[in-house]
1. Helix A:111-123 versus the longest principal axis of chain A: what angle, 0 to 90°, nearest 10, using Cα atoms?
2. Please get the size of the charge dipole for region A:5-138, origin at its Cα centre, with Cβ charges of +1 on Lys and Arg and -1 on Asp and Glu, quoted in debye to the nearest 20.
3. Once label points are set 7 Å from the Cα along Cα→Cβ at both B:Arg65 and A:Arg126, what is their separation, rounded to one decimal in nm?
4. Can you sort A:Asp78, A:Asp106 by solvent-accessible area, 1.4 Å probe, largest first?
5. Suppose every Lys and Arg Cβ carries +1 and every Asp and Glu Cβ carries -1, with no other charges. What dipole size does chain B come out with about its Cα centre, to the nearest 20 debye?
6. I want the antiparallel fraction of DSSP beta bridges within chain B, as a percent rounded to 5.
7. Leaving ligands, DNA and RNA out of it, rank A:His153, A:His213 by accessible area with a 1.4 Å probe, largest first.
8. Of the residues B:Leu152, B:Leu272, B:Leu53, which exhibits the maximal mean-square fluctuation in a Gaussian network model of chain B defined by a 10 Å Cα contact cut-off?
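The values are calculated or read from the model by the stated rules, or taken from the named source; none is laboratory data. None of these values were measured; they are calculated from a predicted model. Quick reminder, even Gly has a Cβ in these numbers, built from the backbone with ideal geometry, and neighbours come from all protein chains shown. Just so you know, the surface numbers come from the protein's heavy atoms only, side chains and all, with ligands and any DNA or RNA stripped out. Shrake-Rupley method; radii C 1.70, N 1.55, O 1.52, S 1.80 Å.
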Amino acid sequence: MSAPRLEARGLRVEHRPRRGARVLALDGFDLRLASGEAVALVGESGAGKSSAALALTGLLPLAAGSVRVRTDDGAALDPAAARAAERRRARRELGWVPQDPGASLDPRRPVAHALGEALAYHRGLRGAELAARVAAGLAAVGLAAEHVARFPHELSGGERQRVALARALALEPGVLVCDEITSALDVSVQAQVLALLAELRRARELALVFVSHDLHVVRHVTERALVLLAGRVVEAGPTAAVLARPRHPYTRALVEASPALAPRPLGAAEALAPLDARGPGCAFAPRCARAEARCRAERPPLAPLGEVEAACYAPEAGSGTP
Amino acid sequence: MSAPLLEVRGLEVEYAGGARAVRGVDLALERGRCLALVGESGSGKSSLALALLRLLPAGARARGRVALEGRDLLALDPRAMDAVRGARVGLVLQESGAALDPLRSVAEQVGEAWRLYEGLGRARAAERAAELLGRVGLPQPGELLGRYPHELSGGQRQRVALAMALARGPALLVADEPTTALDASVQARLLALLRELVEREGLGLLLITHDLAVVAQVSDETAVLYAGRVVERAPTRDLLAAPAHPYSAALLAAHPAHAGAPRPIPGRPPELRALPTGCAFHPRCAAARPECARAEPALAALAPGREVACPYADAGALP
């Protein structure tokens, strides 16, 4: 494999609340992502998906580990570098699309500003040149020139998400990091945004980190999937294999609870009932039907298992889910 | 036989600016059954829910008949309507969990209705609140009573909101996107709970959503809404197996759980103040013919239990 476009090693993120014990949001997170490749981060709320995404873009302080993003000329840059110049160059390579485009766009500024700001700051564009680039950026996400002067509240949810995509792509990054970008949208609008994302990836050889709790969406968008549980990757592999023949019982429970177009058997989701997952062993052990004494005593490492890697002492046979 | 639980006839909702959000909708729902209303943003599904409870904003008008257990809610005086809300019909919204009072404990909020309407004391109300929280699937409800909304997860908050809607034992629950803001696994558990309440306790559930996967988990029957009208009505299983109206088919093909890549529906829902002539869906319909721009088709029987508002829907293609 050639040098990865994005590489993360041993990322550790801790949240330190003002009161109470510190929370380990992400631990030992590794990722190698090639140009044009799309990886999904899946898991329940609180599993560490968003922490991983933010850490990859340099927007969350790391307690340990490192991130490197490679530019077209081969430099490997740290988005959390102490040197501001390196940090700026690295972050230009990392486009970030947050979950709620409504909350991340300035309500008092027109759409032109959302795109123009980054182009003016990083590229020094002004006047007619800037206006032309803003218009081209909006056209690339399927918005008309008339949208330039609109304010966020004048846009539909799907249009706001397109603006957020255009903003993330304004500096032509090599990597796009998307956090639940379709979960607030209607199904039909969601399909439009996913089609747009696929088109942008093809046109630009984008590497994509795609955070989502919707496994159906993940199946259409990504080639590789990482399943997170309590801040750790518990299964990793080709998306199709992970979703069709999960080896970790937690992944299997997630797949079985995923809403489908046919009724799920009652109780399919019960395996995911929340439990306090602290302790020395596997975080899923307290609710896992396959757990053995060892699972509760020590944490299984991620290890190769057929088509995938799984962190489990008592893995599933991988014979497929109903 | 007693009156049906809910019978809606010719319901119209019009907003002050002239937008017609609901245009002549008929619905019927029995006890122990779930009817789903499906449509995109702007299809009128939330206006319909608010109209049933007479909670439309000032300036909006509802006409027609909304009979709950035989009584026309639209004809009740405001005081009588107050007595119906909560007691006979409960409401849960997408934001209900987020709308809990941040300054009051779970016990106070769940028990409020009993203290207010049944004169229960604080201790007895808390006791009943614990029971009810257990019924909506919250483990260790006793421990939750003293907590405040910020100490709960999103799924727990939504269950507390559901408990509040069920507190006075309503016969009908109107749930508008009750699980949309939740994570997939939390959503799956809440949907299973709703289904259980329908089957075990005979609750009538009117479920409003844009998501056909939600419909598949919970509802017996589904009505597809487009631009304020029902364009198809069918047993849920049949609708998902073979949608008859082109709009229903497009909604299904756009769903990520559907086989193949999700297919976007071209265009966008129409402006309710300037509806297209003829069938409101025809500008976005792949099967549209010139006739579709002329007259708006009425809902017509296609098969037993199935109605569709498209003269070109093919009954032969149904299973």
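1. For helix A:111-123, the angle is close to 90 degrees.
2. 480
3. 7.3
4. Numbers: A:Asp78 35, A:Asp106 55 Å².
Largest accessible area first, the list is A:Asp106, A:Asp78.
5. Around 360 debye, computed over chain B.
6. Working: 27 of 47 bridges.
Taking every DSSP beta bridge with both residues in chain B, the antiparallel ones total about 55 percent.
7. Working: A:His153 145, A:His213 40 Å².
Putting A:His153, A:His213 in descending order of accessible area: A:His153, A:His213.
8. Result for chain B, Cα springs under 10 Å: B:Leu152 fluctuates most.
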